[in-house]
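Chemist: Quick one: the structure is below, and I'll ask about it shortly.
The values are calculated or read from the model by the stated rules, or taken from the named source; none is laboratory data. Please read all numbers here as calculations on a predicted model, not as lab measurements. Don't worry about glycine lacking a Cβ; one is built from the backbone with ideal geometry, like all the others, and counts go over all protein chains shown. Each accessible area value is taken on the protein alone, full model and side chains, heavy atoms only, with ligands, DNA and RNA left out. Shrake-Rupley method; radii C 1.70, N 1.55, O 1.52, S 1.80 Å.
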Amino acid sequence: MGAKQEHDIQEICELVHHKYGVLTAIGEQHLDTFKTLDNIKKTKYEIVETLPHDGTAFVNKDDENIMAYQQKNKVRTMYYGIDAEDLHYRATDITYSSKGTHFTVTKYDGTSVEMQTKLLGRHNIYNILAAVAIGSEKGISLEKIAQAVKKAQPVPHRLELKKPNGNITIIDDAFNSNPVGSKMALEVLGQMPEYKILITPGMIELGDREYELNKALGMHAADACDFVILVGKKQTIPLQDGLKEKGYPESQYFVARNLQEALDKMNELATQKSVVLLENDLPDTFNE
């Protein structure tokens, strides 16, 4: 259910007569029409507040904006998450590798199942937990759900895991990088057991905060990567400054003039099992 202003979700819910509602996350968006975060919380919660008395709400308890709202509809509510207390469905033992994400889901009755998915990133674990909760409450076994999760395909160019070519596995996150998404991608890369390489031109179209946010990206990269390949000598100055501020060794990063030079460097480095994160698109405009 999408919304740009108050009552948008309520209006659709009154049409569809839903019996189950899922609240995945609440964040600041469309502030020109919503005006405040409180209005967004109230509007997102319309999916729960319009449920019938015999309906069920599925709520991400790890989301602080979700939990900051006082739910009025006392409908049956199932909480899912990773870190919060008193969860009905919880993910634990999360690991990332060149095969994807592996974790365990434990249900409130004590039963559990191991999950393997090609999807990467904490946000995908939350989405899978929501799906597991709904499927389980509808009587589908955890084992059958795990089989379906294993088959789920990633969205192209959004933390898309691509099969190894020789020693190299690619994480393709080339679609329109942003500060939140790029930080999350680096968190995934940082937890990989293999040699970790980042290729990026940095982020664009960030207005007067572009330097500051790209410098922060460089600092995050310093913590997560074994080697950093930057594309565009002028374009990546903020990232270079971020790496230098963190004391990242000059021998562990390379500034390429264009994508081909970056890929050549990648192939030269990959003498062992390596995972390469492609962060943001690499258009010809970064040929410097």
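Chemist: Could you check the simple spin-label distance between Thr95 and Ser251, using points 7 Å along Cα→Cβ, in nm with one decimal?
Modeler: Going by the 7 Å Cα→Cβ label model, 3.1 nm.
Chemist: Enumerate the lysines that Lys163 could reach by cross-link, defined here as Cα to Cα under 17 Å, with residues fewer than 8 away along the same chain left out.
Modeler: Candidates past the 8-residue exclusion: Lys99, Lys118, Lys150, Lys151, Lys196, Lys273.
Chemist: Can you give me the C-alpha center-to-center distance between the stretch 51-70 and the stretch 205-279, rounded to a whole angstrom?
Modeler: That distance is 40 Å.
Chemist: To the nearest 10 Å², what's Arg122's accessible area with a 1.4 Å probe?
Modeler: Only protein atoms counted, so the area is about 90 Å².
Chemist: Label 7 Å along Cα→Cβ of His18; the stretch 95-127 residues with amide nitrogen under 17 Å?
Modeler: Backbone N within reach: 127.
Chemist: For a bin width of 10 Å, list the pair-distance distribution of the chain built from all Cα-Cα distances, rounded to whole %.
Modeler: So the P(r) values, bin by bin, are 6, 24, 28, 23, 14, 4, 0.
Chemist: If packing is taken as the average number of other Cβ atoms within 10 Å across a peptide's residues, how do 177-183, 41-47 rank, most packed first?
Modeler: The densest-packed peptide leads the list: 41-47, 177-183.
Chemist: Can you give the FRET efficiency for Asp83 and Lys233, using 1/(1 + (r/R0)^6), R0 = 45 Å, r = Cβ-Cβ distance, to the nearest 0.05?
Modeler: Here the calculated transfer efficiency is 0.65.
Chemist: Sticking with this structure for a sec: May I ask you to compute the full-extension gain from Leu206 to Asn176, defined as 0.36 nm times their residue separation minus their alpha-carbon distance, rounded to one decimal in nm?
Modeler: Residue separation times 0.36 nm, minus the Cα-Cα distance, leaves 9.7 nm.
Chemist: Right, next: Build a GNM of the chain with springs between Cα atoms under 10 Å: which of Met203, Met184, Met67 gets the top mean-square fluctuation?
Modeler: Sorting by GNM fluctuation, first place goes to Met67.
Chemist: For a bin width of 5 Å, list the pair-distance distribution of the stretch 17-114 built from all Cα-Cα distances, rounded to whole %.
Modeler: Spelled out per bin, shortest first, that is 2, 12, 19, 19, 18, 13, 10, 5, 2, 0.
Chemist: Give the relative contact order (percent, whole number) for the stretch 1-155; include only Cα pairs under 8 Å separated by 6+ residues.
Modeler: It comes to 17 percent, rounded to a whole number.
Chemist: Over the stretch 1-91, what is the relative contact order in whole percent, taking alpha-carbon pairs under 8 Å and six or more residues apart?
Modeler: 27
Chemist: Sticking with this structure for a sec: Which whole-number percent is the relative contact order of the chain (Cα, under 8 Å, 6+ apart)?
Modeler: In percent, rounded to a whole number, it is 13.
Chemist: By how many nm would the segment from Lys41 to Thr111 grow when fully extended, if each residue of separation counts as 0.36 nm and the alpha-carbon distance is taken off?
Modeler: 21.9 nm
Chemist: Give me the net charge of His157's neighbourhood, meaning all other residues with Cβ under 9 Å from the Cβ of His157; Lys, Arg count +1, Asp, Glu -1.
Modeler: -3
Chemist: Note the full-extension length gain between Lys150 and Gln260 as 0.36 nm times their separation in residues minus their Cα-Cα distance, in nm to one decimal.
Modeler: Residue separation times 0.36 nm, minus the Cα-Cα distance, leaves 36.2 nm.
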